[in-house]
Structures are given as C-alpha cells and as structure tokens.
1. Here is a list of conditions, (1) within 17 Å of residue 120 (Cβ to Cβ); (2) in a strand (DSSP E or B); (3) out of contact with any helix residue (DSSP H, G or I) (no Cβ under 8 Å at 6 or more places or on another chain), and residue 57 meets all of them except one; can you say which number that is?
2. Checking the conditions here, which among 31, 112 is within 23 Å of residue 3 (Cβ to Cβ) and surrounded by 15 or more Cβ atoms within 10 Å (Cβ to Cβ)?
3. Taking residue 121 as meeting all but one of (1) in contact with a strand residue (DSSP E or B) (Cβ under 9 Å, 6 or more places away or on another chain); (2) more than 24 Å from residue 2 (Cβ to Cβ); (3) part of a loop (DSSP other than H, G, I, E, B), write down the number of the exception.
4. Being at pLDDT 90 or above and in a loop (DSSP other than H, G, I, E, B) is the filter; apply it to the range 71-106 and report the residue that is nearest to residue 28 (Cα to Cα).
5. Answer yes or no as to whether residue 77 is closer than 15 Å to residue 122 by Cα, surrounded by fewer than 17 Cβ atoms within 10 Å (Cβ to Cβ) and free of Cβ contacts under 8 Å to residues at least 60 places away in the same chain.
6. Identify, please: which residue in the range 107-118 is farther than 13 Å from residue 21 by Cα and assigned to a strand (DSSP E or B) and is, among those, nearest to the chain's Cα centre (by Cα)?
7. Looking at the range 80-98 only, could you name the residues that are in contact with a helix residue (DSSP H, G or I) (Cβ under 7 Å, 6 or more places away or on another chain) and either buried (at least 17 other Cβ atoms within 10 Å of the Cβ) or farther than 17 Å from residue 15 by Cα (or both)?
8. Does the range 3-10 contain any residue that is touching a strand residue (DSSP E or B) at 6+ places or on another chain (Cβ under 9 Å), in contact (Cβ under 8 Å) with a residue 60 or more places away in the chain and within 26 Å of residue 92 (Cβ to Cβ)?
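The values are calculated or read from the model by the stated rules, or taken from the named source; none is laboratory data. Quantities reported herein were computed from a predicted structural model and do not represent experimental measurements. Reconstructed Cβ throughout: ideal geometry from the backbone, glycine too, with neighbour counts over all protein chains shown.
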C-alpha cells in the first residue's frame with residue numbers, strides 16, 4: 001500500500017467519485033480513522049496524531065493503515081452509502097497552522113471530520129439542509 005500524498009496535498013480530491021465512507025474503530029469503540037473510498041480504488045484516510053492534529057493520507061488502496069495496531073483488533077465498517085463526486089473540500093487550521101478540520105461535500109451530503117481534544121470526530125448532514133446537523 002503506497003501513500004500517494006499527505007497533508008493538504010492529500011485533500012486534492014475534488015471531482016473524485018466516492019463509493020463509500022468508512023470508519024475504523026478500536027475494540028472499545030474508539031474512533032481511529034475515517035476513509036473515503038473512490039471509484040478508482042484510491043482512498044483518503046483521516047486520523048488524529050498524538051499531537052492532536054488531523055492527518056490526511058491519499059492511499060493507493062483501501063487497506064488498514066499500518067500505524068493502527070494491532071490491525072486484527074481494528075474494525076472497519078461502512079458508515080454512509082453516500083456516493084457521488086466530491087464538490088467541496090475546505091480545510092481549517094488552528095492558530096499555529098496545523099490541520100484540525102476538513103469539511104467535504106459529497107453528492108448530497110456534508111461531512112465534517114476533525115480533531116477535538118485529541119479525538120477524531122465526524123458529523124454527517126444533508127448538503128441542502130442549510131447546514132443544520
């Protein structure tokens with residue numbers, strides 16, 4: 001599995017078509033990563049590092065990232081069947097310039113993935129609901 005891009009470069013996914021949105025969780029339910037899977041077989045993995053910044057990686061395949069250890073203990077499941085092109089990607093940074101949140105619009109859904117107090121967070125909503133969550 002190759003990492004094709006990291007950080008803001010990995011977020012250059014506008015117009016790519018999403019076929020699934022998945023979550024990766026530890027046995028206790030703790031959310032470790034979010035993956036957007038694209039029709040061309042690539043995936044965008046978002047997770048939070050120990051310094052609380054959001055990390056984005058564009059990968060050549062849909063696989064469990066090797067830093068999620070032990071991999072056999074992690075559970076990957078589809079959380080949303082939203083499909084369609086990514087029409088919006090809006091990153092947000094903290095006061096020292098670190099990535100802490102990304103807002104996506106995929107098809108008719110909005111997705112907000114972020115780091116809050118060191119935890120990975122995700123919010124899904126309809127794109128046409130005026131931004132209500």
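1. Condition (3) is where residue 57 drops out.
2. Numbers: 112 fails: within 23 Å of residue 3 (Cβ to Cβ).
None of the others qualify; the one that does is 31.
3. Here residue 121 meets the rest and fails (3).
4. Once the filter is applied, the top-ranked residue is 74.
5. Numbers: closer than 15 Å to residue 122 by Cα: yes; surrounded by fewer than 17 Cβ atoms within 10 Å (Cβ to Cβ): yes; free of Cβ contacts under 8 Å to residues at least 60 places away in the same chain: yes.
Yes; evaluated as a whole, the condition is true for this residue.
6. 114
7. Let us first name the residues in the range 80-98 that are in contact with a helix residue (DSSP H, G or I) (Cβ under 7 Å, 6 or more places away or on another chain), namely 89, 91.
89, the sole residue that qualifies.
8. The first filter runs over the range 3-10 and keeps only residues touching a strand residue (DSSP E or B) at 6+ places or on another chain (Cβ under 9 Å), leaving 3-10.
So of that shortlist, the ones also in contact (Cβ under 8 Å) with a residue 60 or more places away in the chain come out as 7-8.
Remaining after also requiring within 26 Å of residue 92 (Cβ to Cβ): 7-8.
Yes.
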